[in-house]
Amino acid sequence: MKPRVNRVPKNKIPLGPPYITSDELRAVDRVLKSGQLSLGEETTKLEKEVAKWVGAKYAAATSSGTTALHLAVVTAGIGVGDEVITSPFSFVASTNCFLYEKAKPVFVDIDPESFNIDVSKIEKAITKKTKAILGIDIFGYPAEWEEIIKLAKKRGLKVIEDAAEALGAEYKGKKLGSLGHMAVFAFYPNKQMTTGEGGMVVTNNKKQYQLIKGLLNQGRGPDMQWLRHPYLGYNYRMAEISAAIGRAQLRKLSNFLKSHDQVAKWYEERLKGIEGVNLMKINDKDHKRSWFVYVVRLDKIYDRDEIIRRLRKEGVPSKAYLPSIHLQPYMRQYGYKKGDFPVCEAVSSSTLALPFYTGMKEKTVDQVCDKLRKNLK
Ligand SMILES: *Cc1c(COP(=O)(O)O)cnc(C)c1O
């Protein structure tokens, strides 16, 4: 792979920088010189390329993963008063996307091993008002899609997949995004690949795809007539510069993923034997993780926040990852409180993300692990 142009400083370990090369510089140059900065062929090409890469029929590029999720919610028909079943262990965008439509979050606790929604607890949470299940492939580990889809079919619910952290992950031998329902990817700089800001909705449903393409472009109809707006839309378009960066990144994606697998293996080798440090769930025949962040879970004997502070002092950035969504201040209005989802809360209070990025060197993994080991003493 070409060397990165955004150099990683020698004496300061970053948390998760993107991998930018001369390919991306050239791509941006090409777009700027073309003068076509929006609604051009970079975006439509990226859409086709991503759809092909994941094995979905259609893909629509958006301005972020969050706006992609919002479009999935709108086209699923989720609206005022509807209930959406989801996981409280995620990035807030996976819940916010339906709060925008005044739907109500119904959280279901997570599985303590995969950190994904515990499918055995979903059915009890379904009511007459339930409209959809929004599952998340947290930290790139596939959720139990077969069970989720089966349950949704039985109860007449829509399925939305937030695969923002899971580009390249596989469930039962199929890439996420190709399972049939709407799935969303995100291209923020810390994701598997980046467009700066950007996202993508993938679907196998042509009508849904056309509706999404219209909605993200100010509600234009499928004929895309410039000033004809059959419905209320948004400007959620991806910029051409972003799309061109994305195309350059996508060509390197399988190498990125190989690098991530290698870095994760180095971490695993070094951290496996450490008392009180628990590693993330490993792959099995049905689940292949696409590494996104390197998270470890500390036993209760450790004060996770204190460990993070100590690591930071020694030049190793790490992050409490992720806080429970239902305990965020703005979620109080929905009546959730501490103790509602004990598994999620226990995981939230004991996990931390360590530096993890494409091209991370074995030497750097060593440094991080040495510092972690030392500070656990
Ligand atoms: C990153 C992320 C998003 C949102 O993506 P943005 O591009 O930052 O808007 C949504 N859900 C999850 C789980 C994410 O990690």
So, with points 7 Å from each Cα along the Cβ direction, the Ile301-Tyr321 label distance in nm works out to 2.5 nm
Length gained, Lys104-Gln333, 0.36 nm per residue minus C-alpha separation, equals 81.4 nm
Computed over the chain, the distribution of all Cα-Cα distances in 10 Å bins, rounded to whole %, is 5, 24, 32, 26, 12, 2, 0
Checking Ser324, Ser350, Ser38 against a Gaussian network model of the chain (alpha-carbon springs below 10 Å), the top fluctuating residue turns out to be Ser38
Here the residues of the stretch 47-75 lying in the modelled label zone of Asn255, meaning backbone nitrogen under 19 Å from a point 7 Å along Cα-to-Cβ, are 50, 53
Restricted to the chain, the DSSP antiparallel beta bridge percent, nearest 5, is 60 percent
Per 5 angstrom bin, beginning at 0 and ending with the bin that holds the maximum distance, the Cα pairs of the stretch 105-146 fall in percents of 5, 22, 34, 23, 11, 4, 0
Of Ile301, Ile78, Ile241, the most mobile residue in a GNM of the chain (C-alpha springs, cutoff 10 Å) is Ile301
Rounded to the nearest 0.05, FRET efficiency between Ala125 and Lys33 (Cβ-Cβ, R0 56 Å) equals 0.55
Glu314 and Glu268 label points (each 7 Å along its Cα→Cβ direction) are spaced in nm at 2.5 nm
From the Cα centre of the stretch 280-337 to that of the stretch 161-235, the distance in Å is 27 Å
If the chain between Glu146 and Ser22 were fully extended at 0.36 nm per residue, the gain over the current Cα-Cα distance would be 40.5 nm
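Kindly work out what percent of the DSSP beta bridges joining two residues of the stretch 108-213 are antiparallel, to the nearest 5. Let's see the in-between values first.
On the way: 7 of 15 bridges.
Around 45 percent of the beta bridges assigned by DSSP in the stretch 108-213 are antiparallel ones.
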Output row, site Leu15, 7 Å Cα→C-beta label point, backbone N cut-off 19 Å, window the stretch 94-128, residues 94
Once Gln367 and Lys45 are pulled to full extension, the length gained, defined as 0.36 nm per residue separation minus their Cα-Cα distance, is 111.8 nm
Note on the stretch 304-363: C-alpha Rg/Rh, Kirkwood Rh, two decimals, gives 1.11
Expressed in angstrom and ordered largest first, the alpha-carbon extents of the stretch 109-186 along the principal axes are 35, 27, 22
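Rule-based calculations on the coordinates, nothing more; no lab input. What you see is a predicted model, and the numbers here were worked out from it, not measured in a lab. Every residue, glycine as well, gets a Cβ built from its backbone with ideal geometry; the counts of neighbours run over all protein chains shown.
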